[in-house]
Every structure is written in C-alpha cells, then in structure tokens.
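Okay, structure first, notes after.
The values are calculated or read from the model by the stated rules, or taken from the named source; none is laboratory data. Since the model is a prediction, treat every value here as computed from it, not as a measurement. Because the Cβ atoms are built from the backbone with ideal geometry, glycine has one as well, and the counts that use them run over all protein chains shown. For accessibility, only protein heavy atoms count, side chains too; no ligands or nucleic acids. Shrake-Rupley method; radii C 1.70, N 1.55, O 1.52, S 1.80 Å.
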Amino acid sequence: MAGTLRVSVDTGGTFTDVIGIDETTGAIQVVKTPSDREDPSRALLTGIEKLLALTEADFGDIEMVVHGTTTATNAVLEHEFEGIGLLVTQGFRHVLEIARQSVPDGYGNSFFWVKPPRIVPLHLVREVPERLTFDGSVYRELDEAAVLAAARELVDSGVSRLGVCLLHSYANPAHERRIGELLAEAFPDLFVSLSSTVLPEYREYERAMTTLIDVMVKPYCRTYLDRAHRELRRRSGDLPFLIMQSNGGVVSARAAGEKPVTMLLSGPAGGVIGAVEAARSAGISDIITLDVGGTSTDVALIEDLTIRLTNETVIENYPVKVPMIDIATVGTGGGSLAWAGPNGALKVGPKSAGAVPGPICYRQGGERPTVTDAAAILGRFPESLVGGDLVLDTASARAAFREFGANWDLTAEEAAAGVLEVAAADQVAGIRRVSTLKGRDPSAYTLVAFGGAGPLLAAEVADFLGMTSVLVPPNPGNLSAFGLQVTDVKRDYVRTFVRQVSGEVADEVTSVWQELERLGQDELAEEGVNAARVELIRGADLRYVGEGYEVTVVVPAGTPDEESLTAVTAAFHDEHERVYGFSYADKQDVEIVNLRVQAIGRLHRPKPAGVPPATGTAEPATRRPVYWRKAGWQDCAIYRRSGLGSGARISGPCVVEEYGATVVVPEEWAASIDSFGNLIMTRRSA
C-alpha cells in the first residue's frame, strides 16, 4: 500500500485494532496487537508500527490518526476511586449520599438494595461558603480563603483529583471558574474538573456525578493521550490526532484530554458508525448491531440509518449525562469465563480472562474455560488466529472443558456447546433491551455482526430472535476502527433554560441558540475545521408541564429562526408519541428544560474499494470436523473470505475464516458476497 494513509486505532480490553486506508486506491489493511492496560499508548504505537511494516510505508506517509478506546469506561467499571475529592456549596455536603430516591428496576423492595460505592466518601467532601440563586444571581459572594483552606485539607489527605460542583453554577459559572483559577495557581499538579464546564445543566446529583467521573479518568486519559501524541509528532510531524467521543464524533486529543468523560463508550460508538456504513453500502436501512469483543457485547438499534443519541446513561450504577449513542452492553464476550452458578446452572460472564492471561487456548497462562476455548475445541477456529500470530492450544482447552463438563455429566463437546448457547442467550437479552422492551420486533431488522467474536454466534442469536438476515461487514474484527474513519468532528453544547413554551420567550430562545452556535463555530475553527464545512443542529429538552423528565428533539434542518420554537414543539409531540405511545398535543402546556446545539465539522471520508466478481463456484480452502449442538461432529467446508468474490454463494454448514474473525454458517443458513464485500447470511427455511 503506497500513498497517503488514514490510520485509526481502536483500543479494546483484549486487542488493539488498527486499520489503514490508502487515500489513493481505497485499499484497506488491518492488524491486531494485544492491548496494554498499563499504558495504552504503547499498544497504539505498536499497532501502527505493525501496519506500516505490512504496507511498506513509514510514519511520514500518515495523513491522520483517529483513536477510539474503552479506557475511560474501564476505569469506572473497576472502581478506580482513590484520591478523588469534591467541593460543594455550603449546606450540600451530602449530595452524593442522598443521591436519588428511586431504586433500580429489579429491586421492588429497597430493603434488598445496597447503594453502589460512592465515588467520593463523605470525609473527602468539603463545603465552601458561596451561594447563587436559580437565575445565576449572587446571593453570597465566594469566600476564596475558605476555598484554598478546604483544598489544602483535601490535598493533605491524599486527594489528587478534585471535582467542583456548586449550586446553580449552570446559570452562572463565575464562582466555579474562580475556584479553578485559585486551584491552578496554588496546586498546579492537582487535576480539576468544573461542573459548569463538564455539564452546565440543572439536577445537582447528576451534574456532580458526571463531573466526578470526568476528573476520575482525566489523569489516565490525558497522560496516555499526551504520550501518544508526543510520539506521533516526533515520528510524523504535526499530523492530526483525533479522538472518538461517545456521541459518534471526533475531537482533538487536547480537547478530549480536557473533558475525557466524553470518551466513555467511544470504542463501541465507532462500531455503530461502521455498521451503519456497511448497511448503507448493502442497501439496508433498519439494523440491530451486534459488537462482540473480548469482554462484552454492545448492541444498538438503528432505524432508517439514523443513529439516535441519549443524554442519560448509567455506567455501573453511576449516572452520566453526556450525549452518547444509545448502546446497551452485556457482560459476555469472547474472553468471558464459563462457571457454575450457586444453584448449579451453567453461567457465562461477566468476568473475563481479559488480554492477560486470556483464554486457555492462547497459551498465556489462562486456566479457566472461556467462550473462545469452547469455539476452539468445537472446530469453529483454525489452528491459529490473527494471521498466524496466535497459535491455539486446543488440547489444553479440551482438557479444561472435560473437567468443567463433569459438573453436569457432560462431555467436553457438550459442555462447550452449552457455553456457546448460554453466551448467545446473553447476547439475545441485550438485543431485547433495545428492541422488544421498546416496542420493536427484532425479526423486522437485519443483524449486523462484527467484533472479533460477533460473527461466531450471529446466526444462533438470529435464530433465537426469529431474525432471517445477518450482515457481516468486511474485516468485522476491525469494524470499530473502520468506523473511526467515517465520522466527523462534533461538539455538543447545552444551556439550562427552564421556561414554558410561548410566543413571549421565542426571541430569548433564539438568542440562546445563536450564542451556543457562535461558541461551536469558534471551537471548530480552533480545531482547524473550515467554516464552509460546519453544520449546526439546534435541539431542546422538552416535557409537558408537571412531568419529571424530558424528551430531547432537534429542530428540522432549514427551519427559520422565527419558526424554530414552533417546529421543535411539534417534534416533541411526535417524539413523545413514539417513545411513550401517547402525546398531549393541544391539551397540555409544554416546558423547555435545556437548549442544545451540536456543531459538526464535516470531514473527508475515504471510499474503500469494492471486491472483484467471483470467477466461478466458490470452492472451500479445506475441510475439517465441526461440532454442532444438534448434529454432533460433521465434516464441513472451510472457506477463506479473501477467496470469495462478489456474487459468490455458499451454504451451511460451513465456516468462513478471515483475519480477526470467524463466520459460522449453520446448516439452515446460506451466505452470499455483495459488490462491497459484505457477507450476507439468510435463513434458507425463511
């Protein structure tokens, strides 16, 4: 591959995936390398080095690097809470302890529910004398000496990360900004996050939690991003280094380091974007994505190729209010451990073998059977993975499953088949969360399967749900990295503006939108985006008067200023009907809660080359025994995906192998290749 390279890197829990696209030819090259938990920048650079060696290019040929990661999410999941403090308005020290009155679903009686560990224990929360009213007016001036004294106490107690969340700072950030200045001068090594910067919205608890999660991941994310950026500049000059956000857009590494809470779920976001592009190329508009990695499965429902965002997400029982692609996650992946539950039931996940030690068959010290081990001993995998870099030890995996199956008087093969069935059922549960529970019939959608383990169980998952079509994109193991290549620069802005909708507030609403738009234009200009490529989308959070929660809608494109409030109100009635099944149009007054603007800087998107047409009947590269839960061992055709041209057709039972993933086609299914290289499976009995 010669010419200018666009490189994207997706860091997961087990592997770091790298994809390079030649801007001249559209040719794509992919590599995988083990992730480095201690310093993700090392795996990022190692992956790029492997890509360049494979393409006979060097760092000077790189045009840009785009990066997505689960680093921030993992820090929350693993409760890395040490050394975090909080400053609040005097009288509000217990904001985290009180939290919300509601009890999570599944705990009908709060007696059985235990609150999750607080990110900041009460003894590391300090009050500062100051007070703002709801409209931002100063009721009590900030006591700067008290701020410094409180900060000194926290630093002396071991605090290295400090969140600041003052009452009503969304309406007037002056006090918080002054605290930021004081802390920067007195404690230059202290990491600080201000709620008025992270989330300028009302609802104190959610604002405090989002701010604390931001400061919690800030040292880790900023440090490794800075390290990676410095090394890239040293080798490649001042090339763009962009970071995927949870909203499906990218920002500069500097901006991401300043507000790393926006990086939560950034890796899965890239996968959803890549899946939408694959579906678009195949002429499919309604899909459910199935992204199965080493530790988890991420699913999303997409209608009319439109990605929906949510402003309210819960990660490990902690509320996070930043715009994110609406993704549901379940703790089942290729590295998920199989185990016997307390009642003797066979369980899979959520604990994972991770990158180290990994599955038993990886020969890295793993001792407990995993989903990957189950697939290996059932003949679903070749003798080695990742282009031959990872030679599998199926004998050790089989011995482990022989012992594991003895718990239920099962053979090693029966136990392994059971593990795959339970893993598929767990993935089905995740899909039902985004479909059935929201009034959508999954059988009306095409399943888009990707990630290293996505195509492994895709047909079985589809059978569970009555789905008859599965799409496996080219290079499914690296699709999240590909999705990073086909996104845009995005910034989200919000302003709390609680008013009842009426003609009297229309001008004020327009003024706030215009102010947020100017902010977006200025910040995108700082990112180097040409003004002609900037798109501004207005939105609002609305609710009926008396409701406790709001619905987010956007203003239709091209709506004049004077019609925007009317248009967004009409959109609210329609969205309320879609989400809840009813609306009160012309029956109940509507209230504005927040006004929003999304600023988008359109980037040039590469156009990957298609695949050549098939030259005849598809011929298997080899054959080998594969175990099926109902039929047992069968001699099956094994195809190389690189040998399947456009128009090729194959029938199950068979296996299609490629770098980074394996597609399993059961007996009831057939598959074909389209002109863009998508493998489309259809159920023959349908």
Contact list, first residue from the stretch 308-335 and farther than 20 Å from Ser296 by Cα and among the hydrophobic types (A, V, I, L, M, F, W, C), second anywhere and at pLDDT 85 or above and open to solvent by 20 Å² or more (accessible area, probe 1.4 Å), beta-carbon distance below 8 Å, six or more apart or interchain, is Leu309/Pro323; Leu309/Asp326; Leu309/Thr552; Val322/Thr262; Val322/Asp492
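Find the residue count for the stretch 135-148, including only residues that are of a type in the set (A, V, I, L, M, F, W, C) and more than 19 Å from Leu194 (Cβ to Cβ).
Keep residues of the stretch 135-148 that are of a type in the set (A, V, I, L, M, F, W, C), which gives 138, 142, 145-148.
After this cut, where a residue has to be more than 19 Å from Leu194 (Cβ to Cβ) as well, the list is 145.
Summing the residues that are of a type in the set (A, V, I, L, M, F, W, C) and more than 19 Å from Leu194 (Cβ to Cβ) in the stretch 135-148 gives 1.
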Filter the stretch 527-579 for residues that are hydroxyl-bearing (Ser, Thr, Tyr) and assigned to a strand (DSSP E or B); the one that is nearest to Tyr493 (Cα to Cα) is Thr552
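Suppose the filter is of a type outside the set (S, T, N, Q), out of contact with any Asp or Glu (no Cβ under 9 Å at 6 or more places or on another chain) and touching a residue at least 60 places away in the same chain (Cβ under 8 Å); does Ile638 pass it? Spell out how you get there, then give the answer.
Details: of a type outside the set (S, T, N, Q): yes; out of contact with any Asp or Glu (no Cβ under 9 Å at 6 or more places or on another chain): no; touching a residue at least 60 places away in the same chain (Cβ under 8 Å): yes.
Considered against the rule, which asks whether it is of a type outside the set (S, T, N, Q), out of contact with any Asp or Glu (no Cβ under 9 Å at 6 or more places or on another chain) and touching a residue at least 60 places away in the same chain (Cβ under 8 Å), Ile638 comes out as no.
Looking at Arg126, Arg118, Arg100 in this structure, which one is at pLDDT below 95 and touching a Leu at 6+ places or on another chain (Cβ under 6 Å)?
Values: Arg126 fails: at pLDDT below 95; Arg100 fails: touching a Leu at 6+ places or on another chain (Cβ under 6 Å).
Exactly one residue qualifies, and that residue is Arg118.
Can you tell which of Thr223, Thr197 is touching a helix residue (DSSP H, G or I) at 6+ places or on another chain (Cβ under 9 Å), open to solvent by 30 Å² or more (accessible area, probe 1.4 Å), part of a helix (DSSP H, G or I) and within 30 Å of Leu45 (Cα to Cα)? Talk me through it step by step, then tell me what you get.
Working: Thr197 fails: within 30 Å of Leu45 (Cα to Cα).
Within the list Thr223, Thr197, the selection yields Thr223.
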Restricting attention to the stretch 434-462, the residues that are assigned to a loop (DSSP other than H, G, I, E, B) and touching a helix residue (DSSP H, G or I) at 6+ places or on another chain (Cβ under 6 Å) number exactly 2
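Among the residues of the stretch 167-181, is any open to solvent by 60 Å² or more (accessible area, probe 1.4 Å), touching a helix residue (DSSP H, G or I) at 6+ places or on another chain (Cβ under 9 Å), not in a strand (DSSP E or B) and not β-branched (Val, Ile, Thr)? Please lay out each step first, then the result.
Going residue by residue through the stretch 167-181, those that are open to solvent by 60 Å² or more (accessible area, probe 1.4 Å) are 177-178, 181.
Add one more test, that the residue is touching a helix residue (DSSP H, G or I) at 6+ places or on another chain (Cβ under 9 Å), and what stays is 177-178.
With not in a strand (DSSP E or B) added as a condition, the list becomes 177-178.
Add one more test, that the residue is not β-branched (Val, Ile, Thr), and what stays is 177-178.
There is at least one residue in the stretch 167-181 that is open to solvent by 60 Å² or more (accessible area, probe 1.4 Å), touching a helix residue (DSSP H, G or I) at 6+ places or on another chain (Cβ under 9 Å), not in a strand (DSSP E or B) and not β-branched (Val, Ile, Thr).
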Checked against (1) touching a helix residue (DSSP H, G or I) at 6+ places or on another chain (Cβ under 9 Å); (2) crowded, with 18+ Cβ neighbours inside 10 Å; (3) without any contact (Cβ under 8 Å) to a residue 40 or more places away in the chain, Asp58 satisfies every condition except (2)
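Sort out which residues of the stretch 401-438 are small (Gly, Ala, Ser), open to solvent by 20 Å² or more (accessible area, probe 1.4 Å) and touching a residue at least 12 places away in the same chain (Cβ under 8 Å), and write them in order of number.
Taking the stretch 401-438 first, the residues small (Gly, Ala, Ser) are 405-406, 412, 415-418, 423-425, 429-430, 435.
Next cut, open to solvent by 20 Å² or more (accessible area, probe 1.4 Å) only: 406, 425, 429.
Scanning the stretch 401-438 gives Ala425, Ala429.
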Residue check: is Leu471 within 21 Å of the chain's Cα centre (by Cα), of a type in the set (A, V, I, L, M), within 30 Å of Arg605 (Cβ to Cβ) and not in a strand (DSSP E or B)? no
Right, Arg234: surrounded by fewer than 17 Cβ atoms within 10 Å (Cβ to Cβ) and out of contact with any helix residue (DSSP H, G or I) (no Cβ under 6 Å at 6 or more places or on another chain) or not?
yes
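Are any residues in the stretch 35-55 touching a strand residue (DSSP E or B) at 6+ places or on another chain (Cβ under 7 Å) and either open to solvent by 60 Å² or more (accessible area, probe 1.4 Å) or in a loop (DSSP other than H, G, I, E, B) (or both), and if so, which ones?
Step one: list which residues in the stretch 35-55 are touching a strand residue (DSSP E or B) at 6+ places or on another chain (Cβ under 7 Å), which gives 35, 40, 43-44, 46-48, 50-51, 54-55.
Selection gives Ser35, Lys50, Leu54.
Only strands (runs of 3 or more DSSP E) wholly contained in the stretch 580-686 count here; list those with 2 or more residues that are open to solvent by 50 Å² or more (accessible area, probe 1.4 Å). Don't jump to the end; show me each part of the working.
On the way: elements: 590-601, 622-628, 632-640, 649-651, 654-658, 661-665, 669-673, 679-683.
By residue number, 622-628, 632-640, 649-651, 679-683.
When the stretch 138-163 is examined, which residues are found to be within 14 Å of Asp189 (Cβ to Cβ) and not in a helix (DSSP H, G or I)? Talk me through it step by step, then tell me what you get.
Our first condition is that a residue be within 14 Å of Asp189 (Cβ to Cβ); within the stretch 138-163, this holds for 151-152, 154-156, 158-162.
Within the stretch 138-163, Gly158, Val159, Ser160, Arg161, Leu162 meet the criteria.
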Here the qualifying pairs (Cβ atoms under 7 Å; residues six or more apart or on different chains; first in the stretch 128-154 and farther than 14 Å from Leu183 by Cα; second among the small types (Gly, Ala, Ser)) come out as Pro129/Ala146; Leu132/Ser169; Leu132/Ala171; Phe134/Ala171; Asp135/Ala171; Gly136/Ala171
Here the qualifying pairs (Cβ atoms under 7 Å; residues six or more apart or on different chains; first in the stretch 471-499 and more than 23 Å from Gly20 (Cβ to Cβ); second aromatic (Phe, Trp, Tyr)) come out as Thr496/Tyr170; Thr496/Tyr202
Please verify whether the stretch 512-534 includes one or more residues that are out of contact with any Phe, Trp or Tyr (no Cβ under 6 Å at 6 or more places or on another chain), at pLDDT below 95, on the phi > 0 side of the Ramachandran plot and surrounded by fewer than 20 Cβ atoms within 10 Å (Cβ to Cβ). yes
**Study point:** Flag if Ala43 is under 22 Å from the mean Cα position of the chain (by Cα), within 29 Å of Pro121 (Cβ to Cβ) and not hydroxyl-bearing (Ser, Thr, Tyr)
**Key:** no
